[in-house]
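Below you'll find the structure, written out as structure tokens, and then a few comments.
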Amino acid sequence: MQSIPGQRAIPQKVGGLLLFGLEPSRLDLTSVAAEAPAGATLVIFHTAVLAWVAAREERTGLAKAIALIRATCISNEAPAFSPCHDEKVKAECPVGQFLLAEKQRAIAHTDPHGRSIQWLPKPD
């Protein structure tokens, strides 16, 4: 792993999946997580994916699978599909913007195509 003087080690990508046509309940994230080195921080990032998962139960199943492997989930989704549990934050998201959430907590409004980000205040 490379290091930059004065900086933390540069993260390494151990593996990645690009899945089409699989419902989240059929994902075996446990076996994917088992490939990571001991002590690695597992991060799952998804953007504009949950709108394509029709059933709420399937979206909930994905969240449970991510929690089971103790991964940090970072999502960038339309407010209606965001895993954020704060309905007030979802309702206040500007029209045409996505919610960026970390561990199901909204942290920013984003342009769906990455042109802008507006960080939200940290909760008290």
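The values are calculated or read from the model by the stated rules, or taken from the named source; none is laboratory data. Computed from a predicted model, the values in this text were never measured in an experiment. Cβ placement follows ideal geometry from the backbone for every residue including glycine, while neighbour counts extend to all protein chains displayed.
Given the criterion in contact with a strand residue (DSSP E or B) (Cβ under 6 Å, 6 or more places away or on another chain), without any contact (Cβ under 8 Å) to a residue 24 or more places away in the chain and either surrounded by fewer than 17 Cβ atoms within 10 Å (Cβ to Cβ) or of a type outside the set (Ser, Thr, Tyr) (or both), identify the matching residue among HIS113, HIS109. Please lay out each step first, then the result.
On the way: HIS113 fails: in contact with a strand residue (DSSP E or B) (Cβ under 6 Å, 6 or more places away or on another chain).
Sole residue among the options that is in contact with a strand residue (DSSP E or B) (Cβ under 6 Å, 6 or more places away or on another chain), without any contact (Cβ under 8 Å) to a residue 24 or more places away in the chain and either surrounded by fewer than 17 Cβ atoms within 10 Å (Cβ to Cβ) or of a type outside the set (Ser, Thr, Tyr) (or both): HIS109.
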Test for PRO11: is it loosely packed, with under 15 Cβ neighbours inside 10 Å, at pLDDT below 85 and closer than 24 Å to LYS122 by Cβ = yes
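Is one or more of the residues making up the range 42-54 of a type in the set (Gly, Ala, Ser), out of contact with any helix residue (DSSP H, G or I) (no Cβ under 8 Å at 6 or more places or on another chain) and modelled with pLDDT of 85 or more? Steps first, please.
The initial filter retains those residues of the range 42-54 that are of a type in the set (Gly, Ala, Ser), namely 48, 51, 54.
Filter again for out of contact with any helix residue (DSSP H, G or I) (no Cβ under 8 Å at 6 or more places or on another chain), leaving 48, 54.
When the remaining residues are screened for being modelled with pLDDT of 85 or more, the result is 48.
Yes, the range 42-54 contains at least one residue that is of a type in the set (Gly, Ala, Ser), out of contact with any helix residue (DSSP H, G or I) (no Cβ under 8 Å at 6 or more places or on another chain) and modelled with pLDDT of 85 or more.
For (1) in a helix (DSSP H, G or I); (2) surrounded by fewer than 14 Cβ atoms within 10 Å (Cβ to Cβ); (3) not β-branched (Val, Ile, Thr), each residue gets a yes or a no:
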site: GLU58; (1), (2), (3): yes, no, yes
site: GLY61; (1), (2), (3): yes, no, yes
site: LYS64; (1), (2), (3): yes, yes, yes
site: ARG70; (1), (2), (3): no, yes, yes
site: SER75; (1), (2), (3): no, no, yes
site: ALA80; (1), (2), (3): yes, yes, yes
site: CYS84; (1), (2), (3): no, no, yes
site: VAL89; (1), (2), (3): yes, no, no
site: ALA101; (1), (2), (3): no, no, yes
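Could you say which residue among VAL49, VAL89, VAL53, VAL43 is more than 15 Å from the chain's Cα centre (by Cα) and of a type in the set (A, V, I, L, M)?
Details: VAL49 fails: more than 15 Å from the chain's Cα centre (by Cα); VAL53 fails: more than 15 Å from the chain's Cα centre (by Cα); VAL43 fails: more than 15 Å from the chain's Cα centre (by Cα).
Step by step, each of VAL49, VAL89, VAL53, VAL43 is checked, and only VAL89 is more than 15 Å from the chain's Cα centre (by Cα) and of a type in the set (A, V, I, L, M).
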task = Could you give me the residue pairs with C-beta distances under 7 Å whose first residue belongs to the range 88-106 and is at positive phi, whose second residue is outside any helix (DSSP H, G or I) and surrounded by 13 or more Cβ atoms within 10 Å (Cβ to Cβ) wherever it lies, and which are 6+ apart or on separate chains?
result = LYS103/CYS73; GLN104/PRO83; GLN104/CYS84
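Name every residue in the range 45-56 that is of a type in the set (A, V, I, L, M) and surrounded by 12 or more Cβ atoms within 10 Å (Cβ to Cβ), in order of residue number.
Answer for the range 45-56, where residues must be of a type in the set (A, V, I, L, M) and surrounded by 12 or more Cβ atoms within 10 Å (Cβ to Cβ): ALA48, VAL49, LEU50, VAL53.
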